[in-house]
Amino acid sequence: MTTDTELPPTPLNVAVVTLGCARNEVDSEELAGRLEAGGFVLVEDPEDADTVVVNTCGFVEAAKKDSVDTLLEAADLKESAGHGGKAQAVVAVGCLAERYGKDLAESLPEADAVLGFDDYPDIASKLRAIVGGETHHPHTPSDRRLLLPISPVERDASGISVPGHEAVAADVTDIGAGAPATGPRAVRRRLDAGPMAPLKLASGCDRRCTFCAIPSFRGSFVSRRPSDVVGEARWLATQGVKELFLVSENSTSYGKDLGDLRLLETMLPELSGIDGIERVRVSYLQPAETRPGLIEAIASTPGVVPYFDLSFQHASATVLRRMRRFGDPESFLGLLEQIRALAPLAGVRSNVIVGFPGETEEELATLCDFLVAARMDVTGVFGYSDEDGTEAAGFAEDLKLDEDEIRSRTEHVTALVEELNAQRAEERIGEEVVVLVESVDEEPDGAVVEGRAAHQGPEVDGTTILIGAEGARIGDLVTATVAGTDGVDLVARVKGATR
């Protein structure tokens, strides 16, 4: 019993701000679950928070800048606390924090703390101490690939912190609002009430692409146990989720460290069969690892959308070898032919890097010719830039293109793919699509209903506006016919619509 002089402490409000990819969204929701279990009250608006946790992205320079800018904005809230604001502490977590550690802390004194992945299991107590004025000493970054054995089947990640991989036993009662009464519970609290949720398959990567620093701070590839993935999927279904978006750094490697590279194929029917789940989408497939059995499972399993997120990165065999990747236009087009033989209307997206060190005009032309032949729905174009600690950053200077040339080539390829992607969208006019409704905005002329068709992945692949979908609600699946396009976005008419 508490007395008047022993009042319980006032709960602290916390806002979790997420930057970067869908994998980061999962990590943020794990942090939110841990913070809520530790007595924090989650709020959406940083202006209402006692402390702001920024889950940063450290992928490319633009993402790093966004992360730093967001931390500075949160720090401004702390400065205004004396003028009616609430913020008492700003904390950086995520990839940028893990990658740079103490260097980030020294260069960004506006942040009260920089926490690494090893701090995640004890995030609530650490955050409470930081708000209380204790100084947190940020970690010295190290290569997280060295934490586990080289051989995938010898890896046991139970002794290290791998964000997004935690699961707790059924007798734990204080994890995650709305958790099921029995069965395994996800250490996760949803921060977005939408009908789609990312679900982490694995973390880390064993590939050694010369342009990519992600494996060094995300670590070696580690699959989640199928029981944990399915258990979390069932929990997400209880939260109103209709679409599961399976994410990792390399989904085609799922199961290799568990002794069965075909685990994803066998797990997909189980995920799509969960009550309440309407569709399952797989992201980030490595072309060189995309086997026929996986193509068939994605293309033909009921409830799994025929959607292929293929990380081509380039098409020239010589550029790909300098990237430490594999492939050429013939093998890539053959892979697309296999996919479309099973699912002619499959969605296909990719990313490419332009201006990689040593890229000749002939190699650039090879990439452009491939893009024309590939007929992909969406292609992301990135201009090359050196990333700290990568092999490509150490390439001879005479191999590197100047910034103006990289910018010119990037603009050229971007213009090409915008035209190609718009043409591919126009090819879908007359096609019947099933759209997951994600927003309903009331306007004077009637509701604007918007969602995504099966070939459109979250955030980056365009959306579909529905005509004649009066009465539709968020989370509904609506069948319609494509009637028009705007770039990669579609306009589809529900049968019987008169306007």
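Readers should treat all values here as calculations from the given coordinates under stated rules, not as data from a laboratory. Since this is a predicted model, take the numbers as computed values, not measurements. Counting neighbours? That spans all protein chains shown, and the Cβs are built from the backbone with ideal geometry, glycine included.
Summary table
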| quantity | calculated |
| --- | --- |
| Additional length obtainable on full extension of the chain from Ser439 to Ser385, 0.36 nm per residue less Cα span | 15.8 nm |
| Two-site FRET efficiency, Asp489 against Val60, from Cβ-Cβ distance with R₀ of 30 Å, rounded to 0.05 | 0.75 |
| Exceeding the 25 Å Cα-Cα cut-off - candidates Lys200/Lys256; Lys64/Lys400; Lys64/Lys200; Lys64/Lys256; Lys126/Lys256; Lys64/Lys102 | Lys64/Lys256; Lys126/Lys256 |
| Set of region 191-220 residues, backbone N closer than 15 Å to the point 7 Å along the Cα-Cβ line of Ile150 | 206-208, 220 |
| In range of the label at Asp192: residues from region 28-48 whose backbone nitrogen is under 13 Å from the point 7 Å along Cα→Cβ | 28-29 |
| Cysteines, the chain, no other Cys beta-carbon under 4.7 Å | Cys21, Cys57, Cys95, Cys205, Cys368 |
| Rel. contact order, % - alpha carbon contacts under 8 angstrom, at least six apart, region 49-143 | 28 percent |
| Förster radius 25 Å - calculated FRET efficiency between Asp398 and Ala317 (Cβ-Cβ, nearest 0.05) | 0.70 |
| Extension reserve of the Asp48-Thr479 stretch, reckoned as 0.36 nm per residue once the Cα distance is removed | 151.1 nm |
| Most positive-pole-ward Cα, Pro152, Leu19, Tyr120, against dipole of the chain from beta carbon charges | Pro152 |
| Test item: Cα-centred dipole of the chain, Lys/Arg +1 and Asp/Glu -1 on Cβ, debye | 1660 debye |
| Nonlocal amide H pairs with Val435, under 5 Å, H built at 1.01 Å | Val478, Thr479, Ala480 |
| Longest segment of the chain lacking GluC sites (Glu not before Pro) that sit in a DSSP loop with at most 14 other Cβ atoms within 10 Å | 135-430 |
